[in-house]
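**Student:** Before I ask anything, let me first share the structure, which is written out below as structure tokens.
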Amino acid sequence: MIAENIKNIEENIEKCCFRLGRTRKSVRLIAVSKTFGADSVKQAVDAGISDFGENYVQELIEKRKTLLDLPIRWHFIGHLQSNKVKYIAEWISMIHSVDSEKLAQEINRQAQKYNKTIDVLVEVNTSEEATKFGVKPEKAVEFIKTISLLPSLSLKGLMTIGPFSNDKDESRKSFSLLRSIFEEVNRLGITREPLTELSMGMTHDYETAMEEGATIVRIGTAIFGRRVKKQ
Ligand SMILES: *Cc1c(COP(=O)(O)O)cnc(C)c1O
């Protein structure tokens, strides 16, 4: 089931890339495994997935522990409390949800402790309907200016959660807003390295997100099925 779902998504992403004149490599598929067990993750690994997204620190830690022998890159995509950063800092591949100075400073501090840099994205709230987290679009540039001074934080790009609705125009508005902030940041040259990543698009809106330039799509339901717990 999971293998077949992944095959379908892969085909669809490839088709979408072709239609948009993009290479398959220009977009990374993250399988969002929250609420699903290690066995499901393992099936997805066997089907060729190596990037996984999780929203809850405790759940992530436990799942990772049982899957240590598999070549998995873990992405933290949910709201992250500063006091939890220390549990994931050593091995997390990317944190997609930086939305406060306090959190950015703590990630920087933990990265220094491990003598590494941590890849992060700034979460922007482009649709207040969908989430209460993320920096406001009009505050994003200023926020990025501030946190890009932190030496052990490697800011790669921006993330957003689009509206819950199936209205493509609404989704597009959200994603094109994120892309315009991304372009503005790069035009201003306020980060050490130009931003390269736009993490946007979930099961119901990833094609629209790709049309608007997504470089990372985060897909859960279409791979693992409906979540029983509401999260
Ligand atoms: C749960 C979640 C996803 C995946 O959503 P689906 O609709 O199941 O594809 C993507 N991004 C974030 C931040 C999530 O919390």
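The values are calculated or read from the model by the stated rules, or taken from the named source; none is laboratory data. What you see is a predicted model; the values in this text were computed from it and never measured. Note that we place each Cβ from the backbone using ideal geometry, even for glycine, and neighbour counts take in every protein chain shown. With ligands, DNA and RNA removed, areas are computed over all heavy atoms of the protein, side chains included. Shrake-Rupley method; radii C 1.70, N 1.55, O 1.52, S 1.80 Å.
**Student:** So the check is Cβ under 6 Å with 6+ separation or different chains; which pairs have a first residue in the stretch 115-140 that's under 26 Å from Arg73 (Cβ atoms) and a second one that's more than 12 Å from the ligand (Cβ to nearest atom) and small (Gly, Ala, Ser)?
**Tutor:** As it stands, the answer is Thr117/Ala111; Thr117/Ser152; Thr117/Ser154; Ile118/Ala111; Asp119/Ser154; Leu121/Gly157; Val124/Ala140; Thr126/Ser174, since those pairs meet every condition given.
**Student:** Please work out if Ser180 is within 13 Å of the ligand (Cβ to nearest atom) and of a type in the set (S, T, N, Q). Lay out the reasoning, then the answer.
**Tutor:** On the way: within 13 Å of the ligand (Cβ to nearest atom): no; of a type in the set (S, T, N, Q): yes.
Judged against the criteria, Ser180 is not a match.
**Student:** Right, something else. Being within 16 Å of the ligand (Cβ to nearest atom), farther than 18 Å from Phe182 by Cβ and of a type in the set (Asp, Glu) narrows it down to one residue among Glu129, Glu90; which is it? Full working, then the answer.
**Tutor:** On the way: Glu90 fails: within 16 Å of the ligand (Cβ to nearest atom).
None of the others qualify; the one that does is Glu129.
**Student:** Looking at Gln43, is it of a type in the set (S, T, N, Q) and either part of a strand (DSSP E or B) or more than 15 Å from Gly78 (Cβ to Cβ) (or both)?
**Tutor:** Taking the combined requirement at face value, the residue satisfies it.
**Student:** Hey, Phe76 hits all of (1) of a type outside the set (Val, Ile, Thr); (2) more than 16 Å from the ligand (Cβ to nearest atom); (3) without any contact (Cβ under 8 Å) to a residue 24 or more places away in the chain but one; which does it fall short on?
**Tutor:** Single failed check for Phe76: (2).
**Student:** Tally the residues that are open to solvent by 60 Å² or more (accessible area, probe 1.4 Å) and either touching a Pro at 6+ places or on another chain (Cβ under 8 Å) or assigned to a helix (DSSP H, G or I) (or both), restricting the search to the stretch 1-19. Working first, answer last.
**Tutor:** Here is the first cut: in the stretch 1-19, the residues open to solvent by 60 Å² or more (accessible area, probe 1.4 Å) are 1, 4, 7-8, 11, 14-15, 18-19.
From the residues that got through so far, the ones that are either touching a Pro at 6+ places or on another chain (Cβ under 8 Å) or assigned to a helix (DSSP H, G or I) (or both) too are 4, 7-8, 11, 14-15, 18-19.
Selection size over the stretch 1-19: 8.
**Student:** List pairs: first in the stretch 200-219 and of a type in the set (Ser, Thr, Tyr), second at pLDDT 95 or above and open to solvent by 20 Å² or more (accessible area, probe 1.4 Å), Cβ under 8 Å, 6+ apart or cross-chain?
**Tutor:** Listed pairs, sorted by first residue: Thr203/Thr221; Thr203/Ala222; Thr208/Lys168; Thr208/Arg172; Thr215/Ser26; Thr215/Arg28; Thr215/Thr196; Thr215/Glu197.
**Student:** Kindly indicate whether Leu150 is within 23 Å of Ile72 (Cα to Cα), modelled with pLDDT of 95 or more, surrounded by 16 or more Cβ atoms within 10 Å (Cβ to Cβ) and of a type outside the set (Phe, Trp, Tyr).
**Tutor:** Working: within 23 Å of Ile72 (Cα to Cα): no; modelled with pLDDT of 95 or more: yes; surrounded by 16 or more Cβ atoms within 10 Å (Cβ to Cβ): yes; of a type outside the set (Phe, Trp, Tyr): yes.
Spelling it out, it is not the case that Leu150 is within 23 Å of Ile72 (Cα to Cα), modelled with pLDDT of 95 or more, surrounded by 16 or more Cβ atoms within 10 Å (Cβ to Cβ) and of a type outside the set (Phe, Trp, Tyr).
**Student:** Right, something else. If I filter the stretch 204-221 down to residues being open to solvent by 30 Å² or more (accessible area, probe 1.4 Å) and either at pLDDT below 95 or within 12 Å of the ligand (Cβ to nearest atom) (or both), which single residue comes out as farthest from Val185 (Cα to Cα)?
**Tutor:** At the first step, the residues of the stretch 204-221 found to be open to solvent by 30 Å² or more (accessible area, probe 1.4 Å) are 204, 207, 211, 221.
From what is left, the residues that are either at pLDDT below 95 or within 12 Å of the ligand (Cβ to nearest atom) (or both) are 204, 221.
Numbers: His204: 28, Thr221: 32 Å.
Here the residue is Thr221.
**Student:** Here is a follow-up. Do any residues in the stretch 9-25 that are at pLDDT 95 or above have Cβ atoms under 7 Å from those of residues that are in a loop (DSSP other than H, G, I, E, B) and open to solvent by 50 Å² or more (accessible area, probe 1.4 Å), where the two are at least six apart or on different chains, and which pairs are they?
**Tutor:** Filtered contacts from the stretch 9-25: Cys17/Thr23.
**Student:** Look at the stretch 185-203 and say how many of its residues are within 16 Å of the ligand (Cβ to nearest atom) and open to solvent by less than 20 Å² (accessible area, probe 1.4 Å). Outline the logic, then answer.
**Tutor:** Within the stretch 185-203, the subset within 16 Å of the ligand (Cβ to nearest atom) is 197-203.
Next cut, open to solvent by less than 20 Å² (accessible area, probe 1.4 Å) only: 198-201.
Here the count works out to 4.
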